[in-house]
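Everything on this sheet refers to the single structure shown next.
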Number of protein chains: 4
Amino acid sequence: MGAEIDLSTSDLSGIVADIAEEMKAAPDRGTPAAYIPPLAKVDPAKFGMAVIEADGTCHLAGDAEETFSIQSISKVFALTLALGHVGDQLWKRVGREPSGSAFNSIVQLEFEHGIPRNPFINAGAIVVADILLGRNEPREAIGEMLRFVRTLAGEDDIVIDREVADAEAATGYRNAALASYMRSFGNIHHDVERTLGVYFHACALAMSCRQLALAGRYLMAGGMLPSTGRRIVSAQRARRINALMMTCGHYDGSGEFAFRVGLPGKSGVGGGILAIVPGRASVAVWSPGLNERGNSQLGTLALERLVQRTGWSVFEPALG
Amino acid sequence: MGAEIDLSTSDLSGIVADIAEEMKAAPDRGTPAAYIPPLAKVDPAKFGMAVIEADGTCHLAGDAEETFSIQSISKVFALTLALGHVGDQLWKRVGREPSGSAFNSIVQLEFEHGIPRNPFINAGAIVVADILLGRNEPREAIGEMLRFVRTLAGEDDIVIDREVADAEAATGYRNAALASYMRSFGNIHHDVERTLGVYFHACALAMSCRQLALAGRYLMAGGMLPSTGRRIVSAQRARRINALMMTCGHYDGSGEFAFRVGLPGKSGVGGGILAIVPGRASVAVWSPGLNERGNSQLGTLALERLVQRTGWSVFEPALG
Amino acid sequence: MGAEIDLSTSDLSGIVADIAEEMKAAPDRGTPAAYIPPLAKVDPAKFGMAVIEADGTCHLAGDAEETFSIQSISKVFALTLALGHVGDQLWKRVGREPSGSAFNSIVQLEFEHGIPRNPFINAGAIVVADILLGRNEPREAIGEMLRFVRTLAGEDDIVIDREVADAEAATGYRNAALASYMRSFGNIHHDVERTLGVYFHACALAMSCRQLALAGRYLMAGGMLPSTGRRIVSAQRARRINALMMTCGHYDGSGEFAFRVGLPGKSGVGGGILAIVPGRASVAVWSPGLNERGNSQLGTLALERLVQRTGWSVFEPALG
Amino acid sequence: MGAEIDLSTSDLSGIVADIAEEMKAAPDRGTPAAYIPPLAKVDPAKFGMAVIEADGTCHLAGDAEETFSIQSISKVFALTLALGHVGDQLWKRVGREPSGSAFNSIVQLEFEHGIPRNPFINAGAIVVADILLGRNEPREAIGEMLRFVRTLAGEDDIVIDREVADAEAATGYRNAALASYMRSFGNIHHDVERTLGVYFHACALAMSCRQLALAGRYLMAGGMLPSTGRRIVSAQRARRINALMMTCGHYDGSGEFAFRVGLPGKSGVGGGILAIVPGRASVAVWSPGLNERGNSQLGTLALERLVQRTGWSVFEPALG
């Protein structure tokens, strides 16, 4: 508590390099998701990390330039976009509480009459996709989502991996069940296939750690895109999205992530995690092996190491 | 983002006074807890607030000097004390995830084989009380707990309200059910009555907002007691307790509290809330009326106002 | 206990007429199902009853010749047909226990990994439909089902109400959710739409009380069709289907039906009930108003009266 | 369908002897309950069977004269006695539906606000014990229960096994949890210890198969005690208790028991089962090994054999 105040850019590059080295050698790497065939083929030895500071300085290590399927991390960007469309009306259709249950979400939907607990579990993100679809064709909604993420990252070559999107659609019976079930409560307004089309394509965004950290900068910077000065969301909305990432960003491992890392973060089953250090940095890590809660095992460990060495936890008194 | 950097002590006194005035006049005050008779008798018009800054400056408003039953806020101090006794072994008997379910905790205990989700729901705090009991008599464990809170607050006249403790014991069948149920899984080691004796007496601690804010200072200050320089817990443990307060401190309203307030906090059914601004302030509010999740309605609103005017959310970029 | 031994055919006609008269005048008739528009239009004043004795004598009263939507009563015939196709292999995909829970079946599917509790709840009947579909087109499977029911009743003019089938498909999101969910566990083998097509058409069978009682005769007669001497199922299978009707035939009101009536029975949300008096009679009643468990209010009462006056409960010592 | 009409007494003795012989040699005997130490000590090779016909003829085989702990079978006698005390008012505090859930009863109590699903699961039987306690001392209520069972069996030497009762009390934390939990809803009226005292002692009744079959005769005979002509309950109440045994008598294996055996029955974790053939016979079997649902493995098989050879299923058309 104190050393971090003087943390220099070169110190930080060293820290990031050290962590990547430790992770490359880590013996217990978790297990990659197997249920989507293209994800199961990814090399479990991969590890990448990108830290982008408030001033734009970028620290990369490992496979930070290699693209991977961001999967549920897209829920953050989709929520941001949907809030732009309908504002706080969105919260009539989605809650803001941790799902908090090892037995997953369809049970909760029954008890809570089709209102998913938060926008970062599948059911909630499907409602968000339904909002994004609005009066458009799925193709248009997917296009808007892609353009939005490209704007956030400032890179035009981000793409959606069609093979992944198709594989999700082909095996996504549980998501179809969630969508049909919510439709039975009136909380999905479009044909289930159309809404899921938007959802699956958003999940199939392929990005590198560097691109993902770039795309997360607006949450570090009070809602502004630092490179352009353009406001993406209000400062209040940025804080609130961060709060949701803290309490709900890691499924039923959100409490553990807050306990160990202490940053707002969102994980995806592709092995990526986006973590936000408000006012300080946007961080992306990637390692395909998952822990028993479905979050990247080494990604979490890498972030824990980063926070230990930088004092960047939001629960740290001397952040400043 | 910026103004708060120059927040002066006199600004802060004005803010606290403004909030107290607004709250005194608020029409919708929630409903005081009715199930413990002595709590049901408390005047719902009460409102108190205390903000203690890192340098010890104290801002009081409203009924900040009136004692109330801190109830579940005691779970924070009990957890701190129990971690001192058994260290991280405690986490073998208690989880670290939000309970996240409107249907409350005995269901979860069945699915998770007697391991409560976190130390801030009743089941978890009963396990913590069982740990505090250790090899002692309940009277000794209760005495230790009282001394610990007196030390944290630096005040010797804090007491336990025996009328409240007796009323809880007389009507606490649900807590007895939780304790017996966990005992059936081997996760309570003492006679249920003895363990509950410790638990009920800790809940019956009577403190004022000022005393409560004093007692919370170690969580603001990286684990140190600022007045004495004495270390209560390590910096890491202080961060972790703050993280638990953020994700689990308001029962099934924890996500909402993080969304609106953005601070680690712990509420009690007596209407109190302790909130921590790491490095900045320890804050206590009290208003007896509860919202539908069992958290102080005006207490939450008062903290939301405080954060709006000070920029003290941990999710705010320019804290510092 | 004794009088019923001498129950004559004319006594029985009088009893049936008395019951119909009482039911026609009953003030509290329950509430017709509203979620399928064509069902909501049915006149709640309707009441019909048909009792067909082992020797073929038929007692009719009220609207016993008017057709209604048999809905879930079709699950009995579908199960019988599917057991004919795959034998006891069917029980690998469907359980034999009461669902026994007011909170309905999708929760149970999650805990029991996609295996529905019994063939008489929706999820179980959808698996049965999936089995009936086999390698055929839905049209063929529906045709086979229709022929089977016509054979059982010995009447060729039984039809499927296309308006009802279409209405169910248009609003059947919860059934689509169940099917998709079971498909995610591998317990539905065909496209959800195709399987549900078979299911919805079976539910849309339109039959009169007389026809329904005729169709149930094989369960009264140890598996034989009395009119032709043709064996439909073995005596053991007939007993077992009766047992399932007793424990699972009235959703979460099965215990109550056994308690009050004491006969194997299966209800449908169209207001019909088929009840079997082994060795004695096949009975059908119909009244559109449902009780809070979704079973025909007056249909249940009518059967209770019938059993009181005939001593036909299977739990009655002197049946014989 | 027909042969059973001519079943002679000597045929039946042969059948019972055959079954006992088969069971004595059966390789897969299940696993005795381990959680109550005195039960865990019972020899798993034991098997007893007693069939008492309506005319009083008694067929015994195997260890039919050896006493065992009847455990939950006592719930049938306790229910009968409590209905005698308070009549159908009892059903305001206990339901009549199968619990129907592999995840057991405390979950259900939460959803259904402290009303247990039926009197044959532990929670329901604890409410029944609370009713039996009434305004008496536990000792008196236990004495009344013992006298009642002695009257039913017509034998004065039936006793309660104090060692078993004490062992249950010492380890019965889950039952204490159920009782405390129901007390929190106001559905237990006495001190938990007192109510559980009655409950545990009833469970600890020690009886032989012969005694148990004798005690069950009133349920076979329309509520009369055949030996004395004394009416124990009305014919309607006898039918209804039989119905409850059919739908709820084997915990979450009740559907399976109805499917395989087709008789009202009640099992206990001591390995006993009481089964009723209305108008025909009262049957008791005992073998300590349990199946995965907690019901006697060989006891169930023995009853299945008996029904196969006698045609005694209540779902059999030609019973008579």
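The values are calculated or read from the model by the stated rules, or taken from the named source; none is laboratory data. Quantities reported herein were computed from a predicted structural model and do not represent experimental measurements. Neighbour counts are summed over all protein chains in view; Cβ atoms, including those assigned to glycine, are modelled from backbone coordinates with ideal geometry.
Can you report the number of residues in region C:258-276 which are more than 9 Å from chain D (Cβ to nearest Cβ) and surrounded by 24 or more Cβ atoms within 10 Å (Cβ to Cβ)?
11
Could you check, for region B:285-306, whether at least one of its residues is over 16 Å from the mean Cα position of the chain (by Cα) and within 12 Å of chain A (Cβ to nearest Cβ)?
Among the residues of region B:285-306, at least one is over 16 Å from the mean Cα position of the chain (by Cα) and within 12 Å of chain A (Cβ to nearest Cβ), which makes the answer yes.
Please state which one of C:Tyr218, C:Tyr251 is within 12 Å of another protein chain (Cβ to nearest Cβ), out of contact with any helix residue (DSSP H, G or I) (no Cβ under 6 Å at 6 or more places or on another chain), aromatic (Phe, Trp, Tyr) and closer than 17 Å to C:Ser72 by Cβ.
Details: C:Tyr218 fails: closer than 17 Å to C:Ser72 by Cβ.
The unique qualifying residue is C:Tyr251.
For the subset of region D:162-189 comprising residues that are of a type in the set (Ser, Thr, Tyr) and in contact (Cβ under 8 Å) with a residue 12 or more places away in the chain, which member is farthest from the other protein chains (Cβ to nearest Cβ)? Break it down stepwise before answering.
Initially, region D:162-189 is screened for residues of a type in the set (Ser, Thr, Tyr), giving D:171, D:173, D:180-181, D:184.
Within this subset, residues satisfying the condition of being in contact (Cβ under 8 Å) with a residue 12 or more places away in the chain are D:171, D:180-181, D:184.
Values: D:Thr171: 8, D:Ser180: 4, D:Tyr181: 4, D:Ser184: 4 Å.
In this case the residue turns out to be D:Thr171.
Is there any pair with a first residue in region A:1-15 that is at negative phi and at pLDDT below 50 and a second that is β-branched (Val, Ile, Thr) and surrounded by 11 or more Cβ atoms within 10 Å (Cβ to Cβ) whose Cβ atoms are under 7 Å apart and which are 6 or more apart or on different chains, and what are they?
A:Glu4/A:Thr310
All but one of (1) over 29 Å from A:Asp252 (Cβ atoms); (2) of a type in the set (A, V, I, L, M); (3) within 19 Å of the chain's Cα centre (by Cα) hold for A:Ala61; which doesn't?
Unmet for A:Ala61, out of (1) over 29 Å from A:Asp252 (Cβ atoms); (2) of a type in the set (A, V, I, L, M); (3) within 19 Å of the chain's Cα centre (by Cα): (3).
Yes or no, residue by residue, for (1) in a loop (DSSP other than H, G, I, E, B); (2) surrounded by 23 or more Cβ atoms within 10 Å (Cβ to Cβ); (3) in the same structural domain as B:Pro264 (by TED's automatic domain parsing):
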position	(1), (2), (3)
B:Ser13	no, no, yes
B:Arg29	yes, no, yes
B:Pro38	no, no, yes
B:Val51	no, yes, yes
B:Ala78	no, yes, no
B:Val86	no, no, no
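Can you find, within region C:221-239, the residue that is farthest from the other protein chains (Cβ to nearest Cβ) among those that are under 23 Å from C:Leu132 (Cα atoms) and buried (at least 24 other Cβ atoms within 10 Å of the Cβ)? Spell out how you get there, then give the answer.
Just the residues of region C:221-239 that are under 23 Å from C:Leu132 (Cα atoms), to begin with: C:223-225, C:230-239.
From what's left, buried (at least 24 other Cβ atoms within 10 Å of the Cβ): C:238-239.
On the way: C:Ala238: 8, C:Arg239: 4 Å.
Out of the qualifying residues, it is C:Ala238.
Just for strands (runs of 3 or more DSSP E) wholly inside region A:187-301: which have at least 3 residues that are among the small types (Gly, Ala, Ser)? Talk me through it step by step, then tell me what you get.
Values: elements: A:205-207, A:265-267, A:272-277, A:281-286.
Those strands (runs of 3 or more DSSP E) span A:281-286.
Tell me, please, whether a residue that is touching a Lys or Arg at 6+ places or on another chain (Cβ under 8 Å), within 14 Å of chain D (Cβ to nearest Cβ) and modelled with pLDDT of 95 or more can be found in region C:63-83.
yes
I'd like to check something: does region A:281-291 contain any residue that is surrounded by fewer than 23 Cβ atoms within 10 Å (Cβ to Cβ) and within 22 Å of A:Gln71 (Cβ to Cβ)?
yes
Suppose the filter is in contact with a helix residue (DSSP H, G or I) (Cβ under 6 Å, 6 or more places away or on another chain) and more than 9 Å from chain B (Cβ to nearest Cβ); does A:Leu212 pass it? Before you say what the answer is, go through the steps one by one.
Working: in contact with a helix residue (DSSP H, G or I) (Cβ under 6 Å, 6 or more places away or on another chain): no; more than 9 Å from chain B (Cβ to nearest Cβ): yes.
Here the answer is no, as A:Leu212 does not meet what is asked.
Within region A:229-242, does at least one residue satisfy the condition of being on the phi > 0 side of the Ramachandran plot and not basic (Lys, Arg)?
Checking region A:229-242: at least one residue is on the phi > 0 side of the Ramachandran plot and not basic (Lys, Arg).
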